[in-house]
Amino acid sequence: MQKSVFYPGIENLYGQTEHDPIKVFLVTRPFAYSALALAATDRNEIRDAVLNTLEGPNSDGFYTYQDGRKFANDVARGRIPVILNEGANIDGQEIVLVDIVTYPLWHCLITGLDPFAKGNGGLLWKVNHNILAPFIDVIRECGYVYTTIHMNEQPIDDAPTHNLIMFDLRNQTRQISVAQAIRNLAAAIPNVNIVSQSNPVMDDRYCLNKRLPQDPPCGAMPVFKRDNMLLPE
């Protein structure tokens, strides 16, 4: 019998709180490298990226880690298909990067789990997986993801986990066009935001779906060029 796609002992928060622990950012070309920088950089620390096949408890426990600098360089040089050469037209915008951001530390705070307790190694990875698990089918229509887990945000529950879609351009897992796969993903996952010149905001370092009135607004993203992303390895 096939195992569950969910790790046990982790509460499902969808529909249980006012805010869901997930956001989707559909990023247009001018902001692609800026979004890549946000995913790779946890304040002043470059985070490793992990190739995430979304198998969860059905995996063999072996994961491919990549140094964060090499990952950012490989994406910027087109070696890893995270930024599309030919973007997908979504609502009149050319989408070239998709980042599914989850908030495992906020989830742990709400549900009473301690990711730093002895024996809880890997808990944030498991919580991130369970947040993504209801949407595995629409994610896999696009491909797989590279996951970077941040831990340096203040307050810590705002720390995001980035899941950058690595598009399956060889059509091994995807039976529909890239554009349709992104549309299906955007229709299925809550809290979708298009990052564009008319809305140059990617509020990834804030765990709630909408800013509270007492909180300052999220600033506009800077525009990074490809060469700005090439880091010494």
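Things worth noting here:
- Here's the list of lysines a cross-link from LYS23 could span, going by alpha-carbon distance under 28 Å and ignoring same-chain residues fewer than 8 apart: LYS3, LYS70, LYS126, LYS210, LYS225.
- When every Cα-Cα distance of the stretch 82-124 is counted in 5 angstrom steps from zero, the calculated P(r) takes the values 5, 19, 16, 12, 8, 8, 12, 12, 8, 1 percent.
- Calculated SAXS-style log₁₀ I(q)/I(0) at q = 0.14, 0.25 Å⁻¹ - the stretch 72-152, Debye, Cα scatterers: -0.64, -1.23
- The stretch 29-82 and the stretch 147-171: distance between their alpha carbon centers, rounded to Å: 8 Å
- If you model the chain as an ellipsoid using its alpha carbon gyration tensor, with each semi-axis the square root of five times an eigenvalue, the axes come out at 25, 21, 19 Å, biggest first.
- Rg/Rg_globular for the stretch 104-231, with Rg_globular taken as 2.2 N^0.38 Å and Rg from C-alpha atoms: 1.20
- Whole-Hz couplings from phi, Karplus 6.51/-1.76/1.60, listed for the stretch 29-37; x for Gly and Pro: 4, x, 10, 4, 6, 5, 5, 4, 4
- Value of relative contact order over the stretch 32-185, rounded to a whole percent, pairs C-alpha under 8 Å and six or more apart: 28 percent
- In loop segments of the stretch 26-118 as defined by DSSP, the chymotrypsin sites (Phe, Trp or Tyr not before Pro) with at most 14 further C-beta atoms inside 10 Å of their C-beta are PHE62, TYR63, PHE116.
Every number here is computed from the coordinates shown, using simple stated rules; none is lab data. This is a predicted model, so every value here is computed, not measured. Heads up, the Cβs are rebuilt from the backbone with ideal geometry, glycines too, and the neighbour counts pull from every protein chain shown.
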